[in-house]
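Chemist: Below: one structure in structure tokens.
The values are calculated or read from the model by the stated rules, or taken from the named source; none is laboratory data. What you are looking at is a predicted structure, and each value in this text was computed from that prediction instead of being measured. Cβ: placed from backbone, ideal geometry, glycine included. Neighbour counts: every protein chain shown. The protein model used for the area step is the full one, side chains on, heavy atoms only, and it has no ligands, DNA or RNA in it. Shrake-Rupley method; radii C 1.70, N 1.55, O 1.52, S 1.80 Å.
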Amino acid sequence: MKNELFLFNFVPSWIIILMPALLISGPFLSDLGLSLVAILFLINSIKNNLKKYYNNYYFKFFFIFCLILILSSLLSDNTLISLKNSLFYFRFGIFSLCFWYLLEKNIFLLKYLFISMLLCFSSLIVDGYIQFFFGKNLFGYALYNDYRVSSFFGSELILGSYLARFFPILFALFILLDQPKKNKLTLFFMTIVFILSEGLIFISGERLALFFMNLSAVYIILMLKEYKIYRLWTYIVSLCLIFVMMSFFPNSKARFIDQTIYDFTRNNDDKVYIFSKPHNDMYISAYRIFLDNKFLGVGPRQFRNTCDKYRVSEYSCETHPHNTYIELLSEAGIFAFLVVAGLFILICYLSIKHFVLKLIRDKKGIINDFEVCLLSAVIISLWPFSPSGSFFNNWMSIVYYFPVGLLLWQRAKSKNPIK
């Protein structure tokens, strides 16, 4: 019994608690940890007959999605290469189920996860600003291009993405844990972390991360009930900090404003592109691939191996099309696209319904503040109208599925659990 408790509860719990730090270390340890959590939960499910965690709409649709990906790989021209990404994709969904299961067994996991995330954010803030002002971080990593901050991520320019995507989850945990006691010291410390995090996203030079930060902030402010004013004024202070940085650091301003305008109208040829000419041409190539492979695509992560036949320009072919939905259409086909797009539409519908009930009809709404923050993290992951990383990238997938387990647990314990 003690061995089971150690293997099925203690080990996966601490992997989840440490996952924010493992993601900073890179894709290897984070994916290894997630895979171990999934394997242990599968063994636990068989041994202790944990059927309830699989008997819900989330897992049923996720299972269908996995089957579509595997079938797409099997029919791909590069079957073995594609199967490396699709055959074990189920581990991400199982990770979410294990997260849900562990929260039901030990609610204190949330407290330790909050501390873990807060330490990660604090470390990145201290290290990031040291790198920005002194040219090198604590590990000796220099600024990228002499002005972009990457902190512990080194040559991987994903600091802003990490902060923007985990920021709503950190805020969700803060709301859940702070509600019973309203601790002023915690509130003050969180305020500093929030404001400096948003400033750090700006000096990371990641335009998409800054957009996601603003998107989640606006969504949360509109949807919150209790912490609306707090989030509004911290957001305003963050914007003021960013505007001050724009005035004093012209390279960052040029990156976000001048470079963005140039990308939309590259080479001054009087054409307007979707985000930029490279993005525009990749989207055209991916769309042409989709037209020839409508139902199941060319296989996950096969855009790079198929693109040459559909090349539009020198910019057309990279490792992936840089948009989640266009990637799904070209690599996994219309069925996979509909599953993900349907989830995004459902979240938008629930959000609008909640907003109408809360603001216009002055009712409680259908989701609580904790869920509002988590949904904003999911919306960032599924947002269709911007460039994105590869949907099948392991590091990104862990980030995508991390809030799902929290949402499943919260909905299961609510008055209207997921059925």
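Chemist: In this structure, does Ile64 turn out to be touching a residue at least 40 places away in the same chain (Cβ under 8 Å) and within 18 Å of the chain's Cα centre (by Cα)?
Modeler: no
Chemist: If you don't mind, there's one more thing I want to ask. Which residue, of Tyr315, Tyr310, Tyr349, Tyr325, is more than 28 Å from Leu71 (Cβ to Cβ), surrounded by 15 or more Cβ atoms within 10 Å (Cβ to Cβ) and among the aromatic types (Phe, Trp, Tyr)? Even if it seems obvious, please write down each step before you answer.
Modeler: Working: Tyr310 fails: more than 28 Å from Leu71 (Cβ to Cβ); Tyr349 fails: surrounded by 15 or more Cβ atoms within 10 Å (Cβ to Cβ); Tyr325 fails: more than 28 Å from Leu71 (Cβ to Cβ).
The match here is Tyr315.
Chemist: Criterion first (within 13 Å of His279 (Cα to Cα), open to solvent by 20 Å² or more (accessible area, probe 1.4 Å), of a type in the set (Val, Ile, Thr) and touching a residue at least 12 places away in the same chain (Cβ under 8 Å)) does Ile334 satisfy it? Write out each step before concluding.
Modeler: On the way: within 13 Å of His279 (Cα to Cα): no; open to solvent by 20 Å² or more (accessible area, probe 1.4 Å): yes; of a type in the set (Val, Ile, Thr): yes; touching a residue at least 12 places away in the same chain (Cβ under 8 Å): yes.
Against the criterion (within 13 Å of His279 (Cα to Cα), open to solvent by 20 Å² or more (accessible area, probe 1.4 Å), of a type in the set (Val, Ile, Thr) and touching a residue at least 12 places away in the same chain (Cβ under 8 Å)), Ile334 does not qualify.
Chemist: Counting only residues that are within 19 Å of Gly389 (Cα to Cα) and touching a Ser or Thr at 6+ places or on another chain (Cβ under 8 Å), how many does region 331-377 have?
Modeler: Total meeting the criteria: 7.
Chemist: Answer yes or no as to whether Ile70 is exposed (fewer than 14 other Cβ atoms within 10 Å of the Cβ), at pLDDT 95 or above and of a type in the set (A, V, I, L, M, F, W, C).
Modeler: no
Chemist: Taking the stated definitions as given, is Ile81 open to solvent by 10 Å² or more (accessible area, probe 1.4 Å), closer than 30 Å to Gly154 by Cβ, part of a helix (DSSP H, G or I) and at pLDDT below 95?
Modeler: Criteria met by Ile81.
Every residue, every condition in (1) among the basic types (Lys, Arg); (2) surrounded by fewer than 23 Cβ atoms within 10 Å (Cβ to Cβ); (3) part of a loop (DSSP other than H, G, I, E, B), yes or no:
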| residue | (1), (2), (3) |
| --- | --- |
| Gln131 | no, no, no |
| Gly140 | no, yes, yes |
| Phe152 | no, yes, no |
| Ser155 | no, yes, yes |
| Tyr162 | no, no, no |
| Pro168 | no, no, no |
| Phe171 | no, no, no |
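Chemist: Inside region 191-200, can you point out the residues that are touching a residue at least 40 places away in the same chain (Cβ under 8 Å) and not hydroxyl-bearing (Ser, Thr, Tyr)?
Modeler: Answer for region 191-200, where residues must be touching a residue at least 40 places away in the same chain (Cβ under 8 Å) and not hydroxyl-bearing (Ser, Thr, Tyr): Val193, Phe194, Ile195, Leu196, Glu198, Gly199, Leu200.
Chemist: Would you check which residues across region 96-121 are open to solvent by 30 Å² or more (accessible area, probe 1.4 Å) and either out of contact with any Ser or Thr (no Cβ under 9 Å at 6 or more places or on another chain) or at pLDDT below 95 (or both) and list them?
Modeler: Glu104, Lys105, Asn106, Ile107, Phe108, Lys111, Ile115, Leu119
Residue by residue, here is whether (1) more than 23 Å from Tyr400 (Cβ to Cβ); (2) aromatic (Phe, Trp, Tyr); (3) under 20 Å from the mean Cα position of the chain (by Cα) holds:
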{"residue": "Tyr147", "(1), (2), (3)": "yes, yes, no"}
{"residue": "Phe153", "(1), (2), (3)": "no, yes, yes"}
{"residue": "Phe166", "(1), (2), (3)": "no, yes, yes"}
{"residue": "Asn183", "(1), (2), (3)": "yes, no, no"}
{"residue": "Leu187", "(1), (2), (3)": "yes, no, no"}
{"residue": "Leu208", "(1), (2), (3)": "no, no, yes"}
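Chemist: Additional query: Considering only residues that are assigned to a helix (DSSP H, G or I), in contact (Cβ under 8 Å) with a residue 60 or more places away in the chain and open to solvent by 20 Å² or more (accessible area, probe 1.4 Å), which ones fall in region 214-247?
Modeler: Within region 214-247, Leu215, Tyr219, Leu222 meet the criteria.
Chemist: Within region 352-389, how many residues turn out to be more than 24 Å from Tyr230 (Cα to Cα) and crowded, with 16+ Cβ neighbours inside 10 Å?
Modeler: Selection size over region 352-389: 7.
Chemist: Here is a check on your reading of the model: is Ser252 touching a Pro at 6+ places or on another chain (Cβ under 6 Å), open to solvent by less than 60 Å² (accessible area, probe 1.4 Å) and either among the polar types (S, T, N, Q) or not in a helix (DSSP H, G or I) (or both)? Even if it seems obvious, please write down each step before you answer.
Modeler: Details: touching a Pro at 6+ places or on another chain (Cβ under 6 Å): no; open to solvent by less than 60 Å² (accessible area, probe 1.4 Å): yes; either among the polar types (S, T, N, Q) or not in a helix (DSSP H, G or I) (or both): yes.
Spelling it out, it is not the case that Ser252 is touching a Pro at 6+ places or on another chain (Cβ under 6 Å), open to solvent by less than 60 Å² (accessible area, probe 1.4 Å) and either among the polar types (S, T, N, Q) or not in a helix (DSSP H, G or I) (or both).
Chemist: Of the residues that sit in region 401-416 and are under 12 Å from the mean Cα position of the chain (by Cα) and open to solvent by 20 Å² or more (accessible area, probe 1.4 Å), which one is nearest to Ile175 (Cα to Cα)? Quick ask: steps written out before the conclusion?
Modeler: Keep residues of region 401-416 that are under 12 Å from the mean Cα position of the chain (by Cα), which gives 401-404.
Within this subset, residues satisfying the condition of being open to solvent by 20 Å² or more (accessible area, probe 1.4 Å) are 401, 404.
On the way: Tyr401: 20, Val404: 17 Å.
So the residue we want is Val404.
Chemist: Now a separate question. State which residue is surrounded by the most Cβ atoms within 10 Å (Cβ to Cβ) when the search covers only region 189-209 and only residues that are in contact with a Leu (Cβ under 7 Å, 6 or more places away or on another chain) and hydroxyl-bearing (Ser, Thr, Tyr).
Modeler: Ser204
Chemist: Ok, one more. If you go through region 191-204 one residue at a time, do you hit one that is out of contact with any Pro (no Cβ under 7 Å at 6 or more places or on another chain), in a helix (DSSP H, G or I) and under 13 Å from Cys373 (Cβ atoms)? It would help to see each step written out before you state the result.
Modeler: Residues of region 191-204 out of contact with any Pro (no Cβ under 7 Å at 6 or more places or on another chain): 191-204.
From what's left, in a helix (DSSP H, G or I): 191-203.
Filter once more, so that each one left must be under 13 Å from Cys373 (Cβ atoms): 194.
Yes, the conditions are met somewhere in region 191-204.
Chemist: OK, next. One residue is enough: does region 347-355 have a residue meeting the conditions more than 20 Å from Ser216 (Cα to Cα), basic (Lys, Arg) and modelled with pLDDT under 95?
Modeler: No.
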